[in-house]
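Any read-out appearing in this document is the output of simple, stated calculations on the displayed coordinates, not a laboratory observation. The shown structure was predicted, so the numbers you read here are calculated from the model rather than taken from an experiment. Counting neighbours? That spans all protein chains shown, and the Cβs are built from the backbone with ideal geometry, glycine included.
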Amino acid sequence: MDFLTGLTNLTNWFANVIMPTLAGLFFVVSVLRFSRNSPFQYSMYAGFAALMVSGILRAIETFSQQRAWDDPDAVWVTLLGLVNWSANVFLPLYGVLQVVLGIMHYGGMGFRIYPGAPWLRHIVVAMVCFGLSGVLRLAEFFVAQGVGGVS
């Protein structure tokens, strides 16, 4: 076994075994602090962060294993995959969420919590999300069409 394989196994063990165990411990501490009327939010947030370590590790592995380790374009392909996922999956879903929030605020939900007109901000954010996703898809199309060069 070489050093890189050992380091990979250690990282996988730490992210998939130790961090969920620590997350459970943080949640127990959070419940105990809540029962004593103490500030419990920090331990609760730490538990959720510890649970997210495994998912973040899987996402990094997925984005980085698209090319061989000695390929000079590996970093670029990894960043391209991250941008594609962000623009084609996350932004449209976030835009839909902002439309729903805008409709709820326009209908009067939360008017005592957020005075003013926050519905307009949600609709503008949704339009920006959909627009940015569309522009990035258009740029991706032009790059894919221009791979052969200018003729």
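Determine the shape class of the chain: with a ≥ b ≥ c the square roots of the Cα gyration tensor eigenvalues, call it rounded for a/c under 1.5, and otherwise prolate if a/b is greater than b/c, oblate otherwise. Display every interim value, and only then the final one.
Details: a/c = 4.87, a/b = 1.05, b/c = 4.62.
Oblate shape, in that a/c is at least 1.5 and b/c is the bigger or equal ratio.
How many nm is it between the label spots at D2 and V100, if each spot is 7 Å from the Cα in line with the beta carbon?
4.8 nm
So what is the diffusion coefficient of segment 40-125 in µm² per second by Stokes-Einstein at 25 °C and 0.890 mPa s, using a Kirkwood Rh over Cα pairs? Intermediate values should be presented prior to the final figure.
Details: Rh = 16.3 Å.
Taking Rh from Cα pairs, D becomes 151 µm²/s.
I need the calculated FRET efficiency for the pair T62 and M109, taking r as the beta carbon distance and R₀ as 35 Å, to the nearest 0.05.
That pair, T62 with M109, gives E of 0.40.
Cα gyration tensor of segment 1-65, axes a ≥ b ≥ c as square roots of the eigenvalues: rounded (a/c below 1.5), prolate (a/b > b/c) or oblate?
Note, shape of segment 1-65 comes out prolate.
Going 7 Å from the Cα of L136 along its beta-carbon direction, which residues of segment 93-109 have the amide nitrogen within less than 19 Å of the resulting point?
93-99
Quote the FRET efficiency, to the nearest 0.05, computed for D71 versus Y45 with a Förster distance R0 of 30 Å and r equal to the Cβ-Cβ distance.
0.20
Counting chymotrypsin sites (Phe, Trp or Tyr not before Pro) as exposed when in a DSSP loop with at most 14 other beta carbons within 10 Å, what is the longest stretch of the chain free of them?
Numbers: sites that count: W69, F111.
Counting at most 14 other Cβ atoms within 10 Å as exposed, the longest clean stretch of the chain is 1-68.
With charges set only on the Cβ (+1 for Lys and Arg, -1 for Asp and Glu), what does the dipole of the chain come to about its Cα centre, in debye to the nearest 20?
Rounded to the nearest 20 debye, it is 860 debye.
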